[in-house]
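J.: Here it is, the structure, as C-alpha cells.
The values are calculated or read from the model by the stated rules, or taken from the named source; none is laboratory data. Treat the numbers as computed from the prediction; the structure is a model and nothing was measured. We place every Cβ from the backbone using ideal geometry, glycine too, and count neighbours over all the protein chains shown. Just the protein is used for accessible areas: all its heavy atoms, side chains included, with ligands, DNA and RNA removed. Shrake-Rupley method; radii C 1.70, N 1.55, O 1.52, S 1.80 Å.
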Amino acid sequence: MFENIKLAFQGIWSHKMRSLLTMLGIIIGIASIISIVSTIKGTNEQIKQNLVGSGTNAVTIALYQGDWTFDLDWNAIPEGVPPMNDAVRTQITALETVEDASIYTERNYVSNVFYQNTPYNGALRGIDRHYLGVNGYSVSLGRSFTERDYQNYNKVAIVDDKVAQSLFYGENPIGKVIEINKDPFVVVGMAMQSSENTPVINSLSDYDLYVGSSSGCVFVPDVHWGSLYRYDEPQKLCLKATSTDDMTAAGQKAVSIINSRLSVGEKSDLSYQSNDISKQANDLQKLTNTTNMQLIWIASISLLVGGIGVMNIMLVSVTERTREIGLKKAIGAREGRILWQFLTEAAVLTSFGGILGVAAGVGLSKIISQLTGAPTAISIPASIIAVVFSTLIGVVFGLLPAVKAARLNPIDALRRE
C-alpha cells in the first residue's frame, strides 16, 4: 500500500500540470460545498444568537387562554389553576434537560410605580430566589435579595440598568425609594444582564419578541405580590435548559408537568404553554437549510465532472504505461497488484484535490464573509467528510481504468509501441 502511494505521488509530481487540471473539478466542487456549509452553519448560529441569546437558554412558560397569554389586568383569577410551589419547581429541575427554574409573577406595563412623582411604565416582576441566576442577571451595584428579605417581608427592590438610566437619570439608585401602589420600596441593588445572554435585535419582528424585556424591569420579592395586586394570581415559570438545543424538549416536559395540576375542565381553553424562541429559530434554520441544500446539490455537479475527468486521465495513463504494465505482469505481478496500484493513484489524486478544495473553501468562505457581511463558521466534520468523499470519487471513477490495466495481456502490452 505504501509503495503504491509513493508511486502515486511520483506520478502526480512528474505530470504536475496535468494532475492539477485533473484535480480542478474536485477542488472547485469541494470548495463550493465547504463555503456553502460554512455559510449555513454561520447563519444558523447567528439566527440562534439573534433570537435565543447565546447564554441563558431560558424558556418562559405562561398561562394561555386559547392562543393568547392570559391577561392578568382584565381577567379574574381563573378557577382550577393552582399556584405553583417549590414542589413543582423541584419536579421540573429534576429533569435531565433542565439546569434551574424560577417561579415569578409579572406585569409588563405598570402605572402604579413612581419615583419622586415620576411615573415608571416598564415591567414589574415579583421574583423568587432563583430568577436572577436563571435569566443571566448579575448584581453590579448594591446587593441581591437575601433570605431575610423574604422571611421578614422587607420592602426592597432591585432595578436593572435600563431603569437606573431612565428613572434615576443615570444616578446611583442604591438607597433611593420608589413607590409601588403607594408602598415605599428601597432600592438595594442594580442588576445587569450579561451581553452574552442578551438577544440581538435586528428587526421589528425581533423587537416584538422582546418588547417586554427591552423596556427595563423592577424586581421585588414575590412575597409582596399578593398585597400589591392579588393573591393566587397565575404565575409564570422560567427554566434554564442545559443547552440551547435542549430548550424545546425541556419546555415541553415542564409544560406537561404544570398542566397535569390543572383542573379547569375539558371545555376550558386555559393551559400553560412554553414561549419557545428556540422553535422559531429552528424554523428559520430549516428554511435556510432547504435553500442552501439546493446550492449544495448544484455544487456537487462539479464533483461529477471532476470524477469524469479523473476517469479520463487515468485511461490516458493506462494507455501511456501499457508497456510498463506488460513488463510488471511478465515478471509476475498479479492482476490485483496492478488494480490496486491504479486505484491508489486515482484515490491519492482526488484526496489531494479534496484537501486543496477544503483549504480553498475555507478561504472562499472568509472572503464571502468579508465582502457580504454574512456570518460563517467552519465545520470540521464537513471538512473531513469532504476529503473522504473525494477519495471515494477517485476509487469509483478510477475503477474502470484500473480494471482495464489489470486485464491487459502482457504479450500484447509488451508489443505495443
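J.: Restricting things to alpha carbons, tell me how big the stretch 14-172 is in terms of Rg and Dmax, in Å.
T.: Using the Cα atoms of the stretch 14-172, the pair Rg, Dmax is 25.8, 88 Å.
J.: In the stretch 67-268, how does Rg compare with the Kirkwood Rh, expressed as the Rg/Rh ratio over alpha carbon atoms?
T.: 0.96
J.: Another question about this same structure. Calculate the spin-label point distance for residue 262 paired with residue 304, positioning each point 7 Å from the Cα along the beta-carbon direction, and give it in nanometres.
T.: For the pair residue 304/residue 262, the computed spacing is 5.3 nm.
J.: Further question on the same structure: Measure off, as a whole percent, the carbon and sulfur share of the 1.4 Å-probe accessible area of the stretch 67-268, all protein chains present.
T.: 48 percent
J.: Could you tell me the distance between the Cα centroids of the stretch 67-125 and the stretch 222-238, to the nearest Å?
T.: For the stretch 67-125 versus the stretch 222-238, the Cα centre distance is 7 Å.
J.: I would also like to ask the following. At 1.4 Å probe size, what's the solvent-accessible area of residue 314? Round to the nearest 10 Å².
T.: 0 Å²
J.: Residue 149: net charge of surrounding residues, Cβ under 13 Å, Lys/Arg +1, Asp/Glu -1, itself excluded? Show your work: numbers first, answer last.
T.: Details: positive: 129, 143, 148, 155; negative: 128, 147, 222.
Net of charged neighbours comes to +1.
J.: May I have the count of lysine pairs in the stretch 67-268 with C-alpha atoms under 28 Å apart, counting pairs 8 or more residues apart or located on different chains?
T.: Step by step, the pairs that qualify in the stretch 67-268 add up to 13.
J.: Taking the full set of protein chains and a 1.4 angstrom probe, give the accessible area of residue 129 in square angstrom, rounded to the nearest 10.
T.: The accessible area of residue 129 comes to roughly 130 Å².
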